[in-house]
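Novice: Have a look at the structure that comes next, please.
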Amino acid sequence: MSDPQIGRRALLRGAGGLAAIAALPSLTACGTGTSRTPSGSAKGGGKTVVVRDSGGSYGAALQKAIYTPFTQETGIGVKVLNLDDAPLLAQIKQGRPQCDLINNSMMSHHKYVKQDALEALDPDRLKSLKSAKIPENQITEHAIGFSFYGQCIAYRTDAFDGRKPESWADFWDTKVFQGGRAMVSPDGDLPELEFALLADGVPMDKLYPLDVDRAFKVLTRLRADIKKFWDSGPLPGVLLSRQEVTMSTVWDGRIADLQKQGVPVERQLNGMRRQFQGYAIAKGAANVDGAYQLMDFSLRAESQAALAKAFPSNPSSPVAYAKLTEDQRNALAGAPKYYDKGFDADLDWWLKNESAVTKRWLEWARG
């Protein structure tokens, strides 16, 4: 799996179960690491802070919106490290992590905690938690969620004689909303069991714990109409553009790209699944102070808003949306007018069940 914008599975949710964490698949644009030698900076030779995240346009947006302004304000240089989970965990276990700050999915951070690979955070060193009003459920002992992506429906606006799908039940209704469908594979993201249950009438606030048997029974009803299981962010757009499908699950940030290309598509955010991304500090980091300062800077509402302007990233800070224009705000799935249409993925449930569900999904998909 490869996503040129962002290694979504690797960066935003991790891969595999806890027992298999030493054999995680590669991150997008990963390298073999960088030197841990600190370098000087523009203001007094401050020590460099090394942050692990992905490259591509997401990395460019982080550089523009976060890292460069941070260096300008503090004099602390920022070096970006692209490194797989497995070698990074090995470095941490050896007491020699090459990075200080880790930008990863909150789900992956939970897995790192199980490996005793993250520093316990001191909230008093993160002043932005209060000023940015970071949601309490995104503040954990070892990581702080600063943005999320939503998984939702994308559909061709010219496919249904003016009708618009309003729910996952419509996604499943191939008689009224004719045409092929595309859904994600486990190489792209978590299996989409929640959408099947929503289509079958389960209320959004009653999804967890997921009824796996019921979900697969509902998925089976749609199986013959699923033309492709996508494993990278661009693929739903390709399938919609070629009219190979009329509806697909999609990462919400991809819709604007398609519309700019002139593809007649729209998103439906009802029943959107949110997964958060956050920052954590590597256990034994060489520059803990710098890591705290960069994390605090990144959590600012102003910083989250700046990132949202540079990349379709949904801030976790509700204050950040007030710093955007109405058009900028409403282009994001995290805008106040949309937020209650979606739900947060239950990380505890998925951590316990991801391996078994993925195995069953693979057997189901192969028929």
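Novice: State whether one or more residues within segment 94-104 are closer than 12 Å to Q293 by Cα, within 20 Å of the chain's Cα centre (by Cα) and of a type outside the set (S, T, Y).
Specialist: Yes: one or more hits.
Novice: Moving to a separate point now. Has segment 298-305 got any residue that is at positive phi and either open to solvent by 10 Å² or more (accessible area, probe 1.4 Å) or of a type outside the set (A, V, I, L, M) (or both)?
Specialist: Looking through segment 298-305, none of the residues is at positive phi and either open to solvent by 10 Å² or more (accessible area, probe 1.4 Å) or of a type outside the set (A, V, I, L, M) (or both).
Novice: Got a sec? Which of I134, I76, I92 is among the β-branched types (V, I, T) and in a helix (DSSP H, G or I)? Full working, then the answer.
Specialist: Working: I134 fails: in a helix (DSSP H, G or I); I76 fails: in a helix (DSSP H, G or I).
None of the other options fit; the residue is I92.
Novice: If a residue has to be buried (at least 17 other Cβ atoms within 10 Å of the Cβ), out of contact with any Gly (no Cβ under 7 Å at 6 or more places or on another chain) and either of a type in the set (A, V, I, L, M, F, W, C) or modelled with pLDDT under 95 (or both) to count, how many in segment 248-262 make the cut?
Specialist: 3
Novice: Also, I was wondering about something else. Scan segment 309-325 for residues that are assigned to a loop (DSSP other than H, G, I, E, B), hydroxyl-bearing (S, T, Y) and surrounded by 15 or more Cβ atoms within 10 Å (Cβ to Cβ) and jot them down.
Specialist: Result: S313, S316, S317.
Novice: Determine which single condition A286 fails, assuming it passes every other condition in (1) touching a helix residue (DSSP H, G or I) at 6+ places or on another chain (Cβ under 9 Å); (2) of a type in the set (G, A, S); (3) over 23 Å from M204 (Cα atoms).
Specialist: Condition (1) is where A286 drops out.
Novice: Out of Q151, Q138, report the one residue that is of a type in the set (S, T, N, Q), open to solvent by less than 10 Å² (accessible area, probe 1.4 Å) and closer than 23 Å to F311 by Cα.
Specialist: Q151
Novice: Only residues that are of a type outside the set (S, T, N, Q) and open to solvent by 20 Å² or more (accessible area, probe 1.4 Å): list them for segment 100-128, please. Give the steps one after another, and end with the answer.
Specialist: Of all residues in segment 100-128, those of a type outside the set (S, T, N, Q) come to 100-102, 106-107, 109-114, 116-127.
Hits for segment 100-128 are H110, V113, K114, D116, E119, A120, L121, D122, P123, D124, R125, K127.
Novice: Sticking with this structure for a sec: From the residues in segment 326-367 that are open to solvent by 50 Å² or more (accessible area, probe 1.4 Å) and of a type in the set (S, T, Y), which one is modelled with the lowest pLDDT?
Specialist: By that ranking, first place goes to Y339.
Novice: Then there's this: Take segment 326-367 and flag every residue that is charged (D, E, K, R), more than 17 Å from I134 (Cα to Cα) and not in a helix (DSSP H, G or I). Outline the logic, then answer.
Specialist: In the first step, residues of segment 326-367 are kept if they are charged (D, E, K, R); the result is 326-327, 329, 337, 340-341, 344, 346, 348, 352, 354, 359-360, 363, 366.
With the extra rule that they be more than 17 Å from I134 (Cα to Cα), the set shrinks to 326-327, 329, 337, 341, 346, 348, 352, 354, 359-360, 363, 366.
Selection gives K341, D346, R366.
Novice: Within segment 270-285, how many residues are under 26 Å from S303 (Cα atoms), open to solvent by 10 Å² or more (accessible area, probe 1.4 Å) and of a type outside the set (F, W, Y)?
Specialist: Within segment 270-285, residues that are under 26 Å from S303 (Cα atoms), open to solvent by 10 Å² or more (accessible area, probe 1.4 Å) and of a type outside the set (F, W, Y) number 3.
Novice: Then there's this: Do the conditions hold for K309, that is, is it over 16 Å from the mean Cα position of the chain (by Cα), without any contact (Cβ under 8 Å) to a residue 12 or more places away in the chain and closer than 30 Å to V238 by Cβ?
Specialist: Numbers: over 16 Å from the mean Cα position of the chain (by Cα): yes; without any contact (Cβ under 8 Å) to a residue 12 or more places away in the chain: no; closer than 30 Å to V238 by Cβ: yes.
Considered against the rule, which asks whether it is over 16 Å from the mean Cα position of the chain (by Cα), without any contact (Cβ under 8 Å) to a residue 12 or more places away in the chain and closer than 30 Å to V238 by Cβ, K309 comes out as no.
Novice: Sticking with this structure for a sec: Mind checking which residues of segment 43-73 are in a loop (DSSP other than H, G, I, E, B) and open to solvent by 40 Å² or more (accessible area, probe 1.4 Å)?
Specialist: At the first step, the residues of segment 43-73 found to be in a loop (DSSP other than H, G, I, E, B) are 43-48, 53-55.
The answer is K43, G44, G45, K47.
Novice: From L222, L207, which residue is modelled with pLDDT of 95 or more, open to solvent by less than 20 Å² (accessible area, probe 1.4 Å) and under 24 Å from the mean Cα position of the chain (by Cα)?
Specialist: On inspection, the qualifying residue turns out to be L207.
The values are calculated or read from the model by the stated rules, or taken from the named source; none is laboratory data. None of the values given here were measured: they were computed from a predicted structure. So basically every Cβ, Gly included, is an ideal-geometry build from the backbone, and we count neighbours across all protein chains shown. Heads up: the accessible areas ignore ligands, DNA and RNA and are worked out on the full protein's heavy atoms, side chains in. Shrake-Rupley method; radii C 1.70, N 1.55, O 1.52, S 1.80 Å.
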